[in-house]
1. Explain nothing, just compute: Karplus ³J(HN,Hα) = 6.51 cos²θ - 1.76 cosθ + 1.60, θ = phi - 60°, for every residue of segment B:56-62 in order, whole Hz, x for Gly and Pro.
2. Could you sort A:83-89, A:141-147 so that the peptide with the highest average Cβ count within 10 Å comes first and the rest follow in order?
3. How high is the FRET efficiency between B:Gln105 and B:Gln623 when r is their beta carbon distance and R₀ equals 45 Å, given to the nearest 0.05?
4. Given the peptides B:359-366, B:59-66, B:448-455, arrange them by the average over their residues of other C-beta atoms within 10 Å, most packed first.
5. I'd like to know which of B:Ala527, B:Gln163, B:Gln504 lies farthest towards the positive end of the charge dipole of the protein assembly as shown, counting +1 on Cβ of Lys and Arg and -1 on Cβ of Asp and Glu.
6. So, for the protein assembly as shown, what is the accessible surface per residue at a probe of 1.4 Å, expressed in square angstrom?
7. Counting DSSP beta bridges in the protein assembly as shown, what percent are antiparallel, to the nearest 5?
8. Given the convex hull over the Cα atoms of chain B, what projected area results after averaging over all orientations, in nm²?
Amino acid sequence: MARVLVGVKRVIDYAVKIRVKPDKSGVVTEGVKHSMNPFDEIAVEEAVKMKEKKLATEVVAVSCGPSQAQETLRTALAMGADRAIHVEVPAGDYETLQPIHISKILAKIAQDEKVDIVILGKQAIDDDSNQTAQMTAGVLDWPQATFASKVEKKDSELHVTREIDGGLENIKVKLPAVLSADLRLNEPRYATLPNIMKAKKKPLKKVTPKDLGVDISPRIQVISVEDPPVRQAGSIVPDVDTLVSKLKEKGHC
Amino acid sequence: MYAIRLVNKINLKPTEAVRLRLVDVAPRCISTTIPCGANKGDKLNKPAPKSQSFVMNMFRGQVQASQVFPYPKVLNEEQVDTLQMLVDPTTKFFEEVNNPLKNDQLEKVEEASLAGLWELGAFGLQVPQDLGGLGLNNTQYARLVEIVGANDLGVGITLGAHQSIGFKGILLFGTPEQKAKYLPRVSAEKQFAAFCLTEPSSGSDAGSIKSRAVLSPDGKHYILNGSKIWISNGGLAEIMTVFAQTPVKDEKTGEVKDKVTAFIVERSFGGVTNGPPEKKMGIKCSNTTEVYYEDVKIPIENVLGGVGNGFKVAMNILNNGRFGMAAAMSGTMRSVTRKAVDFATNRLQFGNKIDSYGAIQEKIARMSTLQYVTESIAYMISGNMDSGSQDYHLEAAISKVFASECAWYVTDEAIQIMGGMGFMRDTGLERVMRDLRIFRIFEGTNDILRLFVALTGIQFAGAHLKELQRAFKNPTANLGLLLGEIRKRAIASVGLDSGPDMTQYVHPELKGCAESASKCVADFGRAIESALIKYNRKIVEEQFVLNRIANSSIDLYTMVVVLSRCTQSLNNKSSTANHEKLMTELWCNEASARIEKNLKALTSSVELGNFTKMSAISKNVCQNGALVQQNPLGF
Ligand SMILES: Cc1cc2nc3c(=O)[nH]c(=O)nc-3n(C[C@H](O)[C@H](O)[C@H](O)COP(=O)(O)OP(=O)(O)OC[C@H]3O[C@@H](n4cnc5c(N)ncnc54)[C@H](O)[C@@H]3O)c2cc1C
Ligand SMILES: Cc1cc2nc3c(=O)[nH]c(=O)nc-3n(C[C@H](O)[C@H](O)[C@H](O)COP(=O)(O)OP(=O)(O)OC[C@H]3O[C@@H](n4cnc5c(N)ncnc54)[C@H](O)[C@@H]3O)c2cc1C
């Protein structure tokens, strides 16, 4: 039996059309719909499933960020996590918070809470870093099984199928371990309305990076955030021959 | 002088005063609506009833602002927070799991979808949390129902027949034991509920039902016999709120009379069966059947709301749920408008996008405005109810009438904007159009609800007129009342009456609209008084007149509602405030013009002549059993 820690990040909803702030310091987040990072939903689902299969005793969800992060934690609780930890990071500091910081925070919590498995989304859909799980394993010096598309627990090991270029890789990791969830690992459940109401009564603990002894001073500076270049209008060519010659002209074939 | 003469005129006709009283007797014809109990047993010396209802007081030409200004804001931060969390999964469910076209085609809600709705908790939104539901208040309920209305009205009725009417009686009137026993069953335990009132010979005239329940010889059960028709969820329900006549002894006279009583009936009691699902025009996926009761043994503890109180129970249930229909229709209008706008902004005809043409612009503007008005009413009433208002029945009736008619109009226009595409099944609008039609018929037809609004308001105004008459009998004791009234009438008689001032409640930018609303209130009150003097109790039979009074009251109430909401938006400097202002101004301008026209009709000899003509035309046609005119060829 194991205790599972899942990381959940609040990101701009996948369906929202992203707008860059006029001063190019970032993207507009005010009044914009946010939800749980989709890969984190998959991570929560996997953890909750483990609990349902009696492979795990407890699921703890953690989120770092300003107070709104609690909404995401509530969703995790509604999906079946048992308790939540909100690592409070003020909005200003949050802008420069990087995987290196998050992984140290998660590692510390993993140790404090005596967890056996950490499951994270393989990446967040806002900054697409794809580093946190790997770094967390590094900080903890635990084995890692990233891009998991299937997880089975056998004795004190996890058998994990990973999606890699050109196929599937099957690996074994000893516990404790860090996992990152890929798209096909499972289909996350809906948070039902009664469970959302129940989630309000589940415990949510607040800590700060300082409490955890993690330095979150920025390691990077954002110089500018820009829109992708606008696609040039195409032109209609009269026939295939012209198309081929145009493509040749541009060096495409 | 004129003012005094007018009052004297009323006072001098004692016969009329007596007749006025007869208006108090809630006429049978409006029996799918709650009788205005406040006036029952009116004694000559009893003070006229008071009401917090804006609509009620408007019939006296007065403004009762407490329920309309400021626009209600009833949710605390935590309730907003909870609601926001519920909106997403509900929306997601309807977008990703439920398939309205499939449900329509199958004429039932797909199994997976139905199971999902139970799982989601959608069937127990207002059941207290400790009894298995979500414990939402009316405003929170409205917001979720709006999502349902935007997506699938057939599912909406499956849900609504269950919780808005099916077990609502238990929530409103149930004893603690009844609640503890049944509410968990209709929520967590996933048993369907239904509301069983209508019978083959009794629709609008709900008081005339024939189903009957008599006490068993040992006094422990009622034995129910009868049959119901067009019962939503009739084939699915395990728990039913059933209305039946029961013999009731009058405490005073000792006379035994049949009175309606409400019962909680379980299918498992035995003797409950149902017919096959009806084939319908719309809301096809909602299950509608006949339900039969044959010697059903109902334990006496399953009487709901007291023996003989069934009519009141039924009417309160319906009244309590009507705002939900307005909320659902707001959602419907939002979604059909989105489709039409998406089409209009992309469709190129005659070299331009069609949204650049005035004909299309007028449609979109009206669609948007009607949705704004409906939505504003829905949340105003839910807000009033959540603040504990008891005086919301006229407003609720208006919300149902207005919402169902606007949704019909808006969807029709959405189809029109989309041209041939709007007519195609896959576009999803023709289904909505079919689904919407029933909303003007059930839970009190719109015609009956109009009569209800007009008559209840008139009755209220009548009671106050009588108070004035009594005051004249003892002028010295009632000097204040009389002087106020004389002043009011003196001003009115010289045409200076701008009505009770409403500008104080609205944002300065809406002053003009508020002035015209104020004037409408004054005109309306005067028109009601004249009608009362003219028709007396016979007003009950003057449906041409009543209809126009009802339409004016709807226009007037809706004006005030949008003034209130828009004021809030302007005060909060909401990003959409200016857009809302445009719609508010449009609405107020057009509604006040309609009010003027409708009220004029009450005294115009041409219009009154038209009423007589219409009555005659209809009589001729009915006597003939078909149209009277032949075709111009003569055969
Ligand atoms: C799909 C569907 C679902 C339903 N679900 C339920 C349910 O769950 N439970 C339930 O109990 N019932 C239900 N009903 C019944 C519904 O409430 C009735 O159809 C409605 O009350 C109207 O009654 P009626 O059809 O008998 O029409 P009638 O009462 O016969 O009315 C016919 C017409 O006459 C008009 N009219 C009647 N009296 C007057 C008057 N005095 N003055 C002027 N005009 C008048 C009406 O406005 C209407 O236009 C449902 C009906 C349908 C179609
Ligand atoms: C069941 C069915 C049967 C049909 N049968 C036939 C048939 O047998 N033969 C055939 O040829 N066609 C047929 N049609 C096509 C039908 O004639 C067209 O749908 C109709 O002409 C409208 O064109 P549209 O659907 O492209 O709408 P659009 O022309 O795109 O119009 C969309 C909306 O824009 C409005 N609009 C367009 N231009 C302007 C403007 N300049 N100013 C203001 N408003 C404007 C329209 O009034 C409409 O409200 C059929 C269509 C249907 C649905």
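1. The phi angles translate into 4, 6, 4, 5, 9, x, 10 Hz.
2. The densest-packed peptide leads the list: A:83-89, A:141-147.
3. So, using R0 = 45 Å, E works out to roughly 0.55.
4. B:448-455, B:59-66, B:359-366
5. B:Ala527
6. Heavy-atom accessible area per residue stands at 47 Å².
7. 60
8. 33.5
The values are calculated or read from the model by the stated rules, or taken from the named source; none is laboratory data. In this text, all values refer to a predicted model and were calculated from it rather than measured experimentally. A quick note on method: Cβ atoms are made from the backbone with ideal geometry, for glycine too, and the neighbour counts reach across all protein chains shown. Surface accessibility is based on the protein's heavy atoms, side chains included, excluding ligands, DNA and RNA. Shrake-Rupley method; radii C 1.70, N 1.55, O 1.52, S 1.80 Å.
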